[in-house]
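**Student:** I have a structure here, written as C-alpha cells, and I will follow up with some questions on it.
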Amino acid sequence: MKIWTERPAKTDVEGIVRRYFRLLRAGKALEAERLVDHPSVRHVLKSLWTGSVGASGDAGESDSSPAADVWERDLSWLGELELGDFHWGHTDSGFYVEVTHRGREIEVSLGFWVKSTDAGWVVAGPSTLW
C-alpha cells in the first residue's frame, strides 16, 4: 500500500486509482487489494459486472452455483471497462470515479477517500456507488 508522509496531491491519488483499476483489468486482484486500504475486491468485481454486463449473481442463484460466480472466474469482461471522470468533494478528501462500459457510463461508480493513519496518508476504498 502506498503511504505518503504528507497529504498527497490529487494527481498522485488519481494515479494510484488508475493503477488499481489497471491491475483489476489485468486480473491481478490480489495486487490491486494491496495497493489501497481495502480488504477485498470481490464486491467491487461483482458490482462492476452487474452494472456493466447487466448480469446478477444473486438473481435466484446461490453463491455456490457455477453461474453465480462466472463474473469471478472469467475476468475477460473487465477489458471492456474504462475509468471516466474523477469527481472530488469540497474537502478534497473523498471522490468518486465514473466507469464506462464500451464507451457508455454505467450505473456504478467507485468511491475512494484519502485518510490519515498512524503510518501516514493512504488511499482507502473503493466503495461502490449506485
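**Student:** Being farther than 17 Å from Arg18 by Cα, open to solvent by less than 70 Å² (accessible area, probe 1.4 Å) and touching a residue at least 24 places away in the same chain (Cβ under 8 Å) is the filter here, so list the residues in the stretch 80-108 that pass it.
**Tutor:** Asp92, Ile106
**Student:** Here is a further query. Before we move on, is Arg7 modelled with pLDDT of 90 or more and either over 19 Å from Phe112 (Cα atoms) or not in a helix (DSSP H, G or I) (or both)?
**Tutor:** Criteria met by Arg7.
**Student:** Spot the failing condition for Gly111; the list is (1) out of contact with any helix residue (DSSP H, G or I) (no Cβ under 9 Å at 6 or more places or on another chain); (2) exposed (fewer than 15 other Cβ atoms within 10 Å of the Cβ), and only one is missed.
**Tutor:** The one condition Gly111 does not meet is (2).
**Student:** Restricting to the stretch 10-56, and then to whatever is under 15 Å from Lys115 (Cβ atoms) and β-branched (Val, Ile, Thr), can you tell me which residue is nearest to the chain's Cα centre (by Cα)?
**Tutor:** Selected residue: Val17.
The values are calculated or read from the model by the stated rules, or taken from the named source; none is laboratory data. What you see is a predicted model; the values in this text were computed from it and never measured. We place every Cβ from the backbone using ideal geometry, glycine too, and count neighbours over all the protein chains shown. We work out accessible area using only protein heavy atoms, side chains counted, and drop any ligands, DNA or RNA first. Shrake-Rupley method; radii C 1.70, N 1.55, O 1.52, S 1.80 Å.
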